[in-house]
Structure formats: C-alpha cells, structure tokens
Amino acid sequence: MTPITRIVLLLGLVLVLGGRLFSPAQAATDLAPLVAALGQGGYDQTEQAVNAITATGDSRAAPVIQALGDGDLYARKSDKSVVIARRKGSDLALTDPITGADLGTAKSSELEKVRVNNKLRRVVRSAIGTLTLMSPDRNTRLSAANAVFQARDADALEILDTAIAKETDAQVRDAMENARAAAILNSQHPEAEKIEAVQRIAALGNDDALKVLNAVQSSAQGDLRTAAAKAIAGIQRDLAFWNAGQNVLYGLSLGSVLLLAAIGLAITFGVMGVINMAHGEMVMLGAYTTYVVQEAIRTSAPGLFDYSLAIALPLAFIVAGAIGLVIERTIIRWLYGRPLETLLATWGLSLILQQAVRSIFGPNNRQVGAPAWMSGAFDVDHLTITYSRLWILVFALAVFVLLNVLLRATSFGLQMRAVTQNRRMAASMGIRTPWVDAFTFALGSGVAGIAGVALSQIDNVSPNLGQSYIIDSFMVVVFGGVGNLWGTLVGALSLGVLNKFLEPYAGAVLAKILVLVLIILFIQKRPRGLFALKGRAVEQ
Amino acid sequence: MSHFFLRALDRQASLAILALLVLAAVVPALNLLTPPGSALHLSTFTVSLFGKYLTYALLAVALNLVWGYCGILSLGHGAFFALGGYAMGMYLMRQIGSRGVYGNPLLPDFMVFLNWKTLPWFWHGFDHFWFAAIMVLLVPGLLAFVFGWFAFRSRVTGVYLSIITQALTYALLLSFFRNDMGFGGNNGLTDFKDILGFDIQSDATRSVLFAASAVALALGVLVTSAIIRSKYGKILIAVRDAESRTRFLGYRPERVKLFAFVVSACMAGVAGALYVPQVGIINPGEFAPANSIEIVIWTAVGGRATLIGPIVGALLVNAGKSFFTGWLPELWLFVLGGLFVAVTLFLPRGIIGTLAHGWSGLRQRRASSSAETGTDAEPRLPPDMPAGSKYEPAAAE
C-alpha cells in the first residue's frame, strides 16, 4: 500500500468518524449532492456517483446504494431529485434516500427508474461492502465481510486493510481476513501472497471456500494452481467426512425415534410374546395426552407452558398404561398361546381406538407446541443440531436405561424375567403370574405412551400417528431380536443410521423400501434377529 | 387329473359350486332380460357391487387355503391381489389407445404427463389379453414363490412370517406410490374404456364380468376342495397342526407350504384381475397393510378351514361395510374393530365352522357313537388354555 492511498484512506476514516459527530441535517447536506448525482442518467455517470459516495465512507449511504441495487431508486421527473420508491397499492410510496423521511406517494409515470446493468451491480455490491465494513454495528460488519468474500472484489482490498487495522472483534476480524484473502486471489498481487491466501481459504473448509478455490484453479497457472488443487482435494475430503458425520447424526436421531416407538413393543412382544398391533395407538394416546395437557395449560395457567412436557409424561404413562391394563385383563389374557388370534384382536382394538380418538378430537392434526428449551439449534463445527432432536435422543436413551434397571434391579423385573423363563416354576414359587402378565403389558403400553409425548414434538398429532410407527417398530424388534432390550437399542440405531446413509443415494422412499427388503432378507438369514435367545427359550 | 377334481366334489363343495354357477347364470339374466321397472330387475350398479364382493370372496378363499389349511397367516395377500389387478389394469390401459386425454396411441396418459418418450420394457406385451392373463397368474405366483422359498426354507414361521408378509406389502405400497415405478404413482391406473373390444361400462359387459367372477370363485372352491381332499392336502393339514412332527416323519414342510402359498397367490391375482374392471380403478392403496388384514377378518368371520366360510364371511363383512359406510360412516371402524375382537374371543371357528361343529356334535350324540370321527378339515383349536400354558407349543399357530 502506497503512503498516498494510506493517507486517502485515513482521510476517509476521519470522514466516517467525523460524520457521526455531525447532526443528521449536516450529513444530509454533505451526501445530498452525491446522491443527487445518481439520478443524472447514463451508467457511467451513475457509476462515478456510486464511487464518489463510497469514497465518503458514510455508512448511512449504504441503504441508498442498496436501493439502487434492488431497483428501488428513482429520479423524480419534475425536479430531478432522487428518491427511494416502493410499491404501495397502485402507486409508489416515496422516501427521502438520506433522511428516510416520508415524501408521500407518486404515480409510476412521474418517476424514472435509475437503471443498473451488471457491471453497475458489481460496483454496487462492493460499494455496500465497503460502506458497511466501517459500520459501528458488529453484525453489519460481519455480513459485510462475508459479502466481500462472496464478491472477491480486489477493489475492496484497501478499505479492507483499513477495516482490519481498526477491527477489535476477533470473529469479525477473522471474517475480514478471509475476505481479504479472497480479494487478493482476484487481484494483481504477487503469487506468493496468493498462495498464502489459498492456504488461508483452504483452512475454512466449507462450500464457499470450495467455490473460491475452484475459480482460482480454473484461471491460475503453475504453483498457485497446484496449491489450489491440493487445497480443494483437502476440503473435499473434509466435507465428505463431515457429511458422513451429518448422516450418522441424523441416523441416530431417526434411530432414537424408532427406539422410543419400539421399546414398549420390545416389552410386550419381546418379553411377553404378545403381538400388540394396538401398540401404535398407545403412542398416539400419549401424544394426545400431551395435546390435552397443553390445552389445559393454555387456558388456565400459561406460565406453566415450559413444564407441559414434564407434566404430560407421567400422565401419558398412566393413561396408556391403564388402557393397556384393561386390554390385557379383558382380551389378551384369553388369547395367550394363540399369537395369531392376539394379532387380530389387537388390530381390531387399534381400529376402535383410532376411531374413538377421531370421534373425540376430530380427524385433523392437532397442534402441539414446543417449550422454549426444545426449540432452536446450535452448531458444532459444520453440523447443525436441533435441540428437539437432541433431547429426544437423550430421552430415548434415558428410557432405555431406566427400563433396563427396572428389569435387572427390581423385584418386579425379577418376577417378570422369571415368568418369561419358566412360567410354571415361577408360579410354584408363589409369583402371581397373571398379575405379572397384566403389569408387564401395562408397563409396555405406558412406555409407548411416554414415547408419544416425545414424538408429539416432531410428528403430526393425528389419529393415524400410531399407524406410521407400527410396522417400523415391529421391524426394529424383530431385527434386534426378541426378548432382549439391547437388541432393540442396536436394531433401532443401526436401522436409523442405515436409512440415512441410503437416503442421499436412493431418495427417502426408496431408502425405506431398501431397508425393508434388507430386513426381510436378514430375517431369512437369522430368523431370530440380531441378538437371538439361545438355549431352551428358543423353542417356544 | 379328472379323478383329482371329481374326488373334490363332496356334498358341501358340490352345493357351493352349483349355487355359484346358478348365480352366474341368473343374475346377468335378471339384469339384462327384465325391464328396468320390473320387481325382478337388478340394477347394473347392484350387479357390479356384488361382482366386487365375489372377487373379495375369491381372495378370502385364497387366504383360507394358506391360513385355514396350512396355518400360514399371511398379512400380505392384498399384495398378490393388487399385483393381479395391476396386470389387468395395464392391459385395460393399453386398450385405451389413442382415446386418452393426450391422444398418444402408444403411451398411457400418465406417461405422457410425466414426459416419458418410450414405453417401459415391462409394459410391452400388455396390449394382448392372453399375455395379461398369463401375467395375472405369473407375477403374484412368482413373487409368492421367491418370497416363500426364502421364508419357508429358513423356517420363518408364526408371527414372524405374518410380520414380514406385512412388511412385503408395505414395501410394495411405498414403491407403487413412486411415479418413476411406471405404474401411474399415486393415481394408479384408471379411466378404462373397453375390455376385449366390449365397452367396460355397458350392462352386458358388467353382467359377463359378474358371471366370470362367480365362475372363478367356483373354480377357487373346486381347487381348494381338490387340494385338501388329496393326499397332499392331508400333509398340508398335518403341517398346520404339527410341523415338526411332519418333518420328522420325512415330509418336507417347506415344499408343502410353498406350493399352497403359490397357488393361493395365483388365486388372489385372479381375484384382483376380476376386481379391477368392475371398480374401474387400481391404485397403490390396494397394497395398504390394513387391506390385507381385512381379508383375514373376512375369513375368520366366516370360518377358516371351512370351504364356504370365507365366502360367507367376505360377503357379510363387505355388505356390512357398504351398509354402515352409507348409513353411519363414523360407526364402521368401531364395528369392524369390534368384529375382530369378538370373533377371536367368542367365535374362533367362525360362523360356518361353529354351525358345522354344532351339527356334527349333534349327529354324533344322536348316533351315540363314541368313535372318533373328527374330520381333517377342521382346525384343531386349543382348548381355552389357562395362562399358565402360554409357552407350550401353540397348536393354532
């Protein structure tokens, strides 16, 4: 940078800083002739005017230039003054470009648009970048730096250098340095400096960097070209890695949904051997319980909304569990030993429950809101994780752990396992097997109910909610192996991940079909699932 | 061979077949030969409606062959029905020719709409009726063969088999919804014009389709009866009641089951093929798992492992469905759901099965003979077991 340009820039800086101190009216008078020059006609004159405005460095000129780029800047035919006009009804609403004052409305025939061509648009973009790089607002500077990065405008280099020197915020400075590197690649700077810039951009490792480097690779020669090619290969490797990470993450998220839907079934089907086709409806009932709780909170105690899920959880468990208990006592206990009949009877139950919910709540989707702590998302490097998905994953694992503890460490779990392994012996030891049956079934149904609370956050709450999960849940349990909660965990997560890895290649529907076909083939190979029971329990 | 079929004609089968043949002659006559105002006249709508019920009955008969007599509860028979229907639909689609909305002589409308230039390979040949007729049998049969060969060979039985048959029809449902499958996607195949050169809307064609459905159903009864009364049928029933024991006796249960499964799938395909021209549309909804389960309930209501039970069940349930959905649509799912529960709890033999059981019990008592004369064709239902015997081998499985 020559001393002279430095002085010019410093002067510009003084102007910018000084401008702040002046009253708006005075700033307006300073800018006014420059802005008025925008309406003189010809592209060249407009470009000169834009450059002149840019040279003032007054950030309040940015909206004017922006309006020019958007095609909202007009010259009034009567007095040749420049105005910003936006459509309002059949007329155009006018505002003063500098003060923002309302100037009434005008017919479009009274105005003449300040026309822009592509060359001028480029000038406008960099002008905005330049003006906003000096903005007192941190976010404006940040987005300005990113805009310069996108535009790769070599003309912005000087103002960038000034801005970097003045910048105090580390993140903004970083973005500016990146923008500077991108601009250098588009300038006449020496090759060594450019290679350095390539390395800086390569470190970004995202799609934008890839775009910049591809442009370099196609235009440059020699060392620079090799450096760019190397950087591109590195970035692509990184992106592939992050992509895989993203798939794993989405897969785990889908897997946790499957796990929640299937884990209740793993108890009724896996442990008890009862085919419960109404399992999906238990999930649905849980979701509707959440809806009812939220409605009650909305009408009577809006302050409790953030706790609505916590209130809904035990209620959903009780509602679904109680219905499960009734079903077991009235229907299923007559059908033990006749699995196919159980299947049919519970299917009939699912129809009745669906229609009952449809009659009470109507056939449409019900709105279930998300509490504040479940909305939003955060970034981990290149991955975006939404809180609702994360909480559901955590919740699914928590349910899994709790159930395992219940099965392994409580006397009820002990009785349950005893009845599963040898019913007659268990009965002889004084265990009331019918009650164990009833409560096991109620437990499975209740767990399905709390799964419904979680699923109401990510799925439509409608009478058909359960239908969409029932086949998937059975697939998970059958794939994971019956009689084993670990099998359900591994089955659900691996099916979720597999699904998400197939999706980019095959599309969502085909991926699902492929997974189904794979499971069908897998069951041929291992009819008892991934974690098969061994020994005497197999021959039931 | 004639011996094989002649032996099938016991009293029940002969009566059923005769009744169906009479129906095939009388109903079209009542529709075509009587003036519209007369008391004996049957409207074409009624004829088509009952024609549809007959195809459902054939579907139930097909399911009964595998579930009632072989113990394989298929929850995917709707898939075979729909595949047969699609084969027929493709033929009817090609018959439209240049009369479609876009007037393309070769491509069906939906392909023109999707901007396809050539006919996909699997659509070739469907301009011939004989080809479509072969496909109606071949496609469901082949799918059943491949699927059954894998499943039975690896001894996938009981509820596992039920669930993977359900997954099968679910996978097909999802595939047929895709536009790029080339079967009309979501909308399926419809807007048919004529069949074998006859207008598909005309009264005469409708009557003939009814008659064809009745004859097909009679054939289905004949084939089922012939199979279960042959030596092979005894093994089939043996496999149902005690698969392992049959295997130890030196038979190959997987082959026995595979044969029944394929024959049943072909019957279901024929039912689908007769169904499509009578309702005028085939779409992926026919693959829905719920449809397949409904077939099971028809069979269960009428009485599985009885010759005419599935027919009675299909007619009753579907007539009830037409009645309720017209009268109180809200109530129908309650009724259907209640039917599932009530039949499994209180009427495990179904209507015909219970009647036959009561009748033979009565006769036995009258003859005061203690000799065991249990017929093979009746499923050996477990007694109302106490919960304590849950993990005994389940006889009904």
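The figures follow:
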read-out	value
Contacts under 9 angstrom Cβ, first residue in segment A:295-306 being surrounded by 14 or more Cβ atoms within 10 Å (Cβ to Cβ), partner in a helix (DSSP H, G or I) and of a type in the set (Lys, Arg), 6 or more apart	A:Phe305/A:Arg298
Residue count for segment A:147-166, restricted to those that are surrounded by fewer than 18 Cβ atoms within 10 Å (Cβ to Cβ) and small (Gly, Ala, Ser)	2
Failed item, numbered, when A:Ser126 is tested on (1) crowded, with 17+ Cβ neighbours inside 10 Å; (2) in a strand (DSSP E or B); (3) among the polar types (S, T, N, Q)	(2)
Test: residue in segment A:470-477 that is closer than 23 Å to A:Asn365 by Cα and in contact with a Gly (Cβ under 6 Å, 6 or more places away or on another chain)	yes
Residue check for A:Ile275: assigned to a loop (DSSP other than H, G, I, E, B), surrounded by 19 or more Cβ atoms within 10 Å (Cβ to Cβ) and touching a residue at least 40 places away in the same chain (Cβ under 8 Å)	yes
Odd one out for B:Val159, checked against (1) buried (at least 19 other Cβ atoms within 10 Å of the Cβ); (2) assigned to a helix (DSSP H, G or I); (3) modelled with pLDDT of 85 or more	(3)
Residue in segment B:154-167 that is under 22 Å from A:Gln524 (Cα atoms), more than 10 Å from chain A (Cβ to nearest Cβ) and among the aliphatic types (A, V, I, L, M) present	no
Of all residues in segment A:456-469 being in a helix (DSSP H, G or I) and surrounded by fewer than 24 Cβ atoms within 10 Å (Cβ to Cβ), the one that is farthest from the other protein chains (Cβ to nearest Cβ)	A:Ser468
Residue within segment A:106-114 that is crowded, with 20+ Cβ neighbours inside 10 Å, farther than 17 Å from A:Ile159 by Cβ and in contact with a helix residue (DSSP H, G or I) (Cβ under 9 Å, 6 or more places away or on another chain) present	yes
Test result for A:Ala55, of a type in the set (A, V, I, L, M) and part of a helix (DSSP H, G or I)	yes
When residues of segment B:131-151 are limited to those that are crowded, with 22+ Cβ neighbours inside 10 Å and under 20 Å from A:Arg528 (Cβ atoms), the one modelled with the lowest pLDDT	B:Ala151
Whichever residue in segment A:474-522 is farther than 29 Å from B:Arg153 by Cα and of a type in the set (Phe, Trp, Tyr) and, among such residues, is surrounded by the fewest Cβ atoms within 10 Å (Cβ to Cβ)	A:Tyr505
Among (1) within 14 Å of chain A (Cβ to nearest Cβ); (2) farther than 20 Å from B:Met181 by Cβ; (3) aromatic (Phe, Trp, Tyr), the one test that B:Phe147 misses	(2)
Residue among B:Arg229, B:Arg206 that alone is basic (Lys, Arg), closer than 23 Å to B:Tyr86 by Cβ, touching a residue at least 40 places away in the same chain (Cβ under 8 Å) and surrounded by 18 or more Cβ atoms within 10 Å (Cβ to Cβ)	B:Arg206
Enumeration of residues in segment A:406-416 that are within 14 Å of A:Asn484 (Cα to Cα) and either loosely packed, with under 15 Cβ neighbours inside 10 Å or touching a residue at least 40 places away in the same chain (Cβ under 8 Å) (or both)	A:Leu407, A:Arg408, A:Met416
Number of positions in segment B:15-44 that are over 25 Å from the mean Cα position of the chain (by Cα) and free of Cβ contacts under 8 Å to residues at least 40 places away in the same chain	13
Qualifying residues in segment A:129-139 (those that are touching a residue at least 24 places away in the same chain (Cβ under 8 Å) and surrounded by fewer than 19 Cβ atoms within 10 Å (Cβ to Cβ)) - the one nearest to the chain's Cα centre (by Cα)	A:Arg138
Residues within segment A:313-369 that are out of contact with any Lys or Arg (no Cβ under 7 Å at 6 or more places or on another chain) and either hydrophobic (A, V, I, L, M, F, W, C) or within 7 Å of chain B (Cβ to nearest Cβ) (or both), tallied	38
Counted residues, segment A:31-84 - those being under 21 Å from A:Ser108 (Cβ atoms), surrounded by fewer than 20 Cβ atoms within 10 Å (Cβ to Cβ) and among the hydroxyl-bearing types (Ser, Thr, Tyr)	2
Listing of helices (runs of 4 or more DSSP H) fully contained in segment B:280-346 that carry 1 or more residues being more than 12 Å from chain A (Cβ to nearest Cβ) and at pLDDT below 90	B:309-327
Qualifying residue in segment B:93-106 (condition: crowded, with 22+ Cβ neighbours inside 10 Å, out of contact with any His (no Cβ under 6 Å at 6 or more places or on another chain) and closer than 25 Å to B:Gly350 by Cα)	no
Long-range neighbours under 8 Å by Cβ, at least six apart or interchain, first residue away from chain A (no Cβ under 12 Å) and touching a residue at least 60 places away in the same chain (Cβ under 8 Å) within segment B:172-189, second in a helix (DSSP H, G or I) and among the hydroxyl-bearing types (Ser, Thr, Tyr)	B:Phe183/B:Tyr86; B:Leu189/B:Tyr86
Residue selected from segment A:421-444 under the condition assigned to a helix (DSSP H, G or I) and among the polar types (S, T, N, Q), by the criterion nearest to the chain's Cα centre (by Cα)	A:Thr440
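So that you can scan it fast, the table gives a plain yes or no per residue for (1) more than 17 Å from B:Ala305 (Cα to Cα); (2) out of contact with any Cys (no Cβ under 9 Å at 6 or more places or on another chain); (3) among the polar types (S, T, N, Q):
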site	(1), (2), (3)
B:Arg7	yes, yes, no
B:Ala19	yes, yes, no
B:Leu23	yes, yes, no
B:Thr34	yes, yes, yes
B:Leu58	no, yes, no
B:Val61	no, yes, no
B:Val66	no, yes, no
B:Gly76	yes, yes, no
B:Met88	yes, yes, no
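The values are calculated or read from the model by the stated rules, or taken from the named source; none is laboratory data. None of these values were measured; they are calculated from a predicted model. We place every Cβ from the backbone using ideal geometry, glycine too, and count neighbours over all the protein chains shown.
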